[in-house]
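Here the structure is laid out as structure tokens; the discussion comes afterwards.
FYI, it's all coordinate maths here, none of it is from the lab. Since the structure is predicted, the reported quantities are computational estimates derived from the model, not experimental observations. A quick note on method: Cβ atoms are made from the backbone with ideal geometry, for glycine too, and the neighbour counts reach across all protein chains shown.
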Amino acid sequence: MSIHDQRGGFERMGGDMCPHGNFKGSPCAACQQESQKKQPALQTIEQLMSKSKFKRLNPESATTQIEIEGKKFQIESIEDRESPALAEVQKLLIDTFGEEEVDPEEILRSAVAGETAWGTTDETKYKVYLIRNEQGEAVTAFAGDHLDLHGADNRPTGETMFMVAYAVTAQNARQGGLAREAYISAVMDAALEAQQNGKQLKFAAGECTFTSEKFWNSVGWKRAYAQSGDKKTYEELRYIQPALDFDEKTGEPAEDAGAVAEHFMVDSFGAETPDKNQIMQTIDAFYRWCNKWPRAAFESDEAFQKQNAYVAQIEEEFKNQLESSGQLIFLDAANREKARAAGVNITEHSAADQGHAGKEDF
Ligand SMILES: CC(C)(COP(=O)(O)OP(=O)(O)OC[C@H]1O[C@@H](n2cnc3c(N)ncnc32)[C@H](O)[C@@H]1OP(=O)(O)O)[C@@H](O)C(=O)NCCC(=O)NCCS
Ligand SMILES: [Zn+2]
């Protein structure tokens, strides 16, 4: 990608400069100060930091040294597609999820540069964070993307969300608070980016396995439930992750690929919880970024249209489910149990509680 193209990318987001004349992406004290008021995510970040096990050497920067009992770790943000650190991220992913579950390293590298696997430009660049221990070994990888929410007119609303793609900590470093620190960094960066683009970061959300619920709860995420029947009956929203691999000739899901039930989890940073419309905008943002493939991925217009229609159909079904259900509530595991103990009927999206979670998972 040429420098010209990169600048073009900035231009699409509304000019190269922030309102104070600093280049976007470079620190601007005024933006940072204003964002304290305009970005509720920063209050969440402050709360998370105040309860952190670590001392962050530079609490205003996503890339900082963090320290616990004299042991130092370093959080890095990887923005260069050629960075050797991406090979270390890839290794952590493969060690955790297995080779067959992980995209080739070249796809990770393209995504960091803001390109799809087919060489077309993505709206946003993949955000990848890595934490190293004192020996310089990669112990935590964290990745996601800062996405625009779109309105009914198909245009960005000015509100954004951070979608987490994955969090991984090496087996021998788990439950030390590292993934939580990486999350803090990712949200801090997204809030500042939103501020510099004149937008507001509203939500962090993701498609979550049942094994990692407690981790997501610990950073404030909750599952979504809709009233179904009387006031004491709720059912979790049945979120579906569309197939992730397709036949480029036909546009049909590839033979070994299929839709998978997952838990939708979200945090609204202490502000009002998302309403039904915002839930749909969030899922639309997931699908735009992860699931709807570009024309360049297919051999024909028909295959392209078929693939996009497949994803749109899943989105439509989710929308119908939402529209036909009652009021939404958001619960973490602890509050769900409390509600149950108080006589509330809660049905889980139990189709998502399957798969190969090892005994070390939770
Ligand atoms: C999920 C995962 C990334 C968490 O990484 P981590 O570095 O261990 O997480 P942290 O130590 O920052 O966890 C923060 C909090 O989450 C909760 N938590 C984390 N692991 C937990 C576990 N095994 N059981 C219960 N709670 C847990 C705890 O409250 C913890 O804080 P505390 O130890 O101070 O109480 C890690 O377990 C992992 O790599 N799992 C396999 C991959 C995966 O499932 N990723 C998520 C989906 S992509
Ligand atoms: Zn500024």
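The table below lists the values:
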read-out: Which listed residue is aliphatic (A, V, I, L, M) and over 19 Å from GLY220 (Cβ atoms), from ALA179, ALA173, ALA204, ALA194; value: ALA173
read-out: Residue pairs meeting the criteria (Cβ under 8 Å; at least 6 apart or on separate chains; first more than 18 Å from ASP284 (Cβ to Cβ), in segment 295-311; second part of a helix (DSSP H, G or I) and polar (S, T, N, Q)); value: ALA297/GLN307; PHE298/GLN307
read-out: Check on PRO253, closer than 21 Å to GLN313 by Cα and either surrounded by fewer than 22 Cβ atoms within 10 Å (Cβ to Cβ) or touching a strand residue (DSSP E or B) at 6+ places or on another chain (Cβ under 9 Å) (or both); value: yes
read-out: Every residue from segment 25-53 that is in a helix (DSSP H, G or I), within 16 Å of ligand 1 (Cβ to nearest atom) and more than 16 Å from ASP189 (Cβ to Cβ); value: GLN47, SER50
read-out: Options THR120, THR116, THR160; residue that is free of Cβ contacts under 8 Å to residues at least 60 places away in the same chain and of a type in the set (Ser, Thr, Tyr); value: THR160
read-out: Selection status of ALA173, touching a Leu at 6+ places or on another chain (Cβ under 6 Å) and either touching a residue at least 40 places away in the same chain (Cβ under 8 Å) or under 30 Å from SER324 (Cβ atoms) (or both); value: no
read-out: Flag for ALA191 being among the small types (Gly, Ala, Ser), more than 13 Å from the chain's Cα centre (by Cα) and within 16 Å of ligand 2 (Cβ to nearest atom); value: yes
read-out: Given (1) within 25 Å of VAL89 (Cβ to Cβ); (2) in contact (Cβ under 8 Å) with a residue 12 or more places away in the chain, number of the condition ASP256 does not satisfy; value: (2)
read-out: Among residues of segment 25-58, those that are among the charged types (D, E, K, R), touching a residue at least 40 places away in the same chain (Cβ under 8 Å) and within 16 Å of ligand 2 (Cβ to nearest atom), counted; value: 2
